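The values are calculated or read from the model by the stated rules, or taken from the named source; none is laboratory data. Since the model is a prediction, treat every value here as computed from it, not as a measurement. Counting neighbours? That spans all protein chains shown, and the Cβs are built from the backbone with ideal geometry, glycine included. In case anyone asks, the SASA skips ligands and DNA or RNA and just uses the protein heavy atoms, side chains included. Shrake-Rupley method; radii C 1.70, N 1.55, O 1.52, S 1.80 Å.
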Amino acid sequence: MAEPNWYVVHTYSGYEKKVKANLDKTIENRHLEEEIVEVRVPMQDVIEVKNGQRKTVQKKMFPGYVLVNMVMNDDTWYVVRNTRGVTGFVGPGSKPVPLSEAEMKPLGIRTENITIDFAVGDPIAVVAGIWRDTIGVVQRIDMGKQTATINVDLFGRETPVEISFAEVRKMH
């Protein structure tokens, strides 16, 4: 089977999350998980100041666009292209062009294969970064961003924290 690549899909403005939800549902219904691997709306944290209050909010990095990691063939092209809210793929004419490695790096998407020796539910120790010497249980793993989410005790509350694979090791 061909390797999946990241493609940029143009959507109606404000429909990015709806397109992602629709695509996720279609992938599940048609059992296309092997061909359409991931649908992503890239977000970034932005600090807004309103009424003198600083607040961190998530904003879309590319309003009107959704990233899709997929194996391009007639079926997958048709499914994505005919999803409600999608206006088309980004590329010359009607031929979608996959993103290059250099274009994906600033988006926080890594493609090199990495293997990890822990899974959801495993205890891990943080060995680097600001959470160094923290121990937590893996709640979620994101292979695309190469991060693990653990709960840490912050001011007496369990708080989810995303940590790079490079900063953790499995506890034995």
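Largest accessible area first, the listed residues His31, His10 line up as His31, His10 when surface is computed with a 1.4 Å probe on the assembled protein chains.
Structural size metrics of the chain, computed from C-alpha coordinates, are Rg and Dmax of 18.6, 56 Å.
Compared with the dominant principal axis of the Cα atoms in the chain, helix 16-30 is inclined by about 80°. Given a 1.4 Å probe and the protein chains as shown, Glu158 ends up with an accessible area of around 130 Å². A DSSP coil position with no more than 12 other Cβ atoms inside 10 Å describes the following chymotrypsin sites (Phe, Trp or Tyr not before Pro) in the range 117-172: Phe155. For the chain, relative contact order (Cα pairs under 8 Å, six or more residues apart, normalised by length) works out to 20 percent. Within the accessible area of the range 43-172, the carbon and sulfur atoms contribute 51%, probe 1.4 Å, all protein chains present.
Based on Cα atoms of the range 37-139, Rg over Rh with Rh as the Kirkwood radius reads 1.07. Among the trypsin sites (Lys or Arg not before Pro) found in the range 115-172, those both in a DSSP coil and sparsely packed, with 14 or fewer other Cβ atoms within 10 Å of their Cβ, are Arg132. Straight-distance candidates among the lysines for linking to Lys25, with alpha-carbon spacing under 22 Å and chain neighbours fewer than 8 residues away dropped: Lys17, Lys60. For Asp142, the solvent-accessible surface computed with a 1.4 Å probe is close to 40 Å², ligands and nucleic acids excluded. If the cut-off is a Cα-Cα distance under 14 Å, which aspartates and glutamates reach Lys170, setting aside same-chain residues fewer than 8 apart in sequence? Excluding near neighbours in sequence, the set is Asp117, Asp122, Asp133. Surface exposure of the chain, expressed per residue as accessible area with a 1.4 Å probe, stands at 65 Å².
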